[in-house]
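Heads up, the thing below is written out as structure tokens.
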Amino acid sequence: MEKMPDESEKDEALSVIPKVRCDVCATILNSLLSKARSFSEDDLADALEGNADHELTGDTVRDRMLSHKKGCNKHFKDELISEGYALRQCREVVEGRSDSDPCLWRAPDRPNQNAADTYELWKEIFFYSCEQSIGSHRDAMVEVLMERLEGRSLAEVNRTALSREVCEVTARCGAGAKGKKTKGEHQAKAKKPKAKGEL
């Protein structure tokens, strides 16, 4: 049985959210834009709300759980956890960083379903980062995205830059960074991590 976090561990996790919120928001939004059926208001709203049909598995309990998987509860699992994203100390995964702040990092391999479904405190950081950005500002984000994407195809759009801008400005995730840089330096690139630095 897994040990649940105590109050001090939860408080520490909550203090990390402002440091990674923009990266979580931008990574999720970039992924959602790549999967959106179109850039219409309805399709963008459906993407950000997490409204998607799921394949029936035949397992009644799992099918019921999947039917309730929407919004940030869906996004942090599908767009981050299942894609291999985790938190690492920046010094381990970002070239030129020597601090122990957390950075969003993508592992070379995706986790298996059991690992993705296992509770870990750092996964709550992803969920609450999504809730405090996309979850809280979804309607305004859809409106801005519609204006910026009107009449354009996916190939004409720099999704990474647009996602970062919409998250920083419209979802207001940049305001909580307390003077820290937010233009991608927390998003870990291709540096191999040192052993056991995962938060």
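Worth pointing out:
- Cβ-Cβ FRET estimate between Ala161 and Glu7, R0 fixed at 41 Å, reported to 0.05: 0.55
- Ordering of 153-164, 123-134, 36-47, 69-80 by burial proxy (mean other Cβ atoms within 10 Å per residue, highest first): 123-134, 69-80, 36-47, 153-164
- Whole-Hz ³J(HN,Hα) from phi, Karplus 6.51 cos²θ - 1.76 cosθ + 1.60, for the range 74-86, glycine and proline x: 7, 4, 5, 7, 7, 8, 10, 4, 5, 8, x, 6, 8
- Close amide H pairs (under 5 Å, H built 1.01 Å from N) link Gly50 with Gly71, residues at least 5 positions away or on another chain.
- Across the cross-link table entries Lys19/Lys70; Lys19/Lys123; Lys19/Lys69; Lys69/Lys123, which are compared at the Cα atoms, the separations over 21 Å belong to Lys19/Lys70; Lys19/Lys69.
- Unit charges on C-beta of K, R, D, E only; dipole of the range 7-177, Debye: 240
None of the figures in this text is laboratory data; all of them are computed from the coordinates on show. Here the structure is a predicted model, which means the values were calculated and not measured. Glycine gets a Cβ as well: all are built from the backbone with ideal geometry, and neighbour counts include every protein chain shown.
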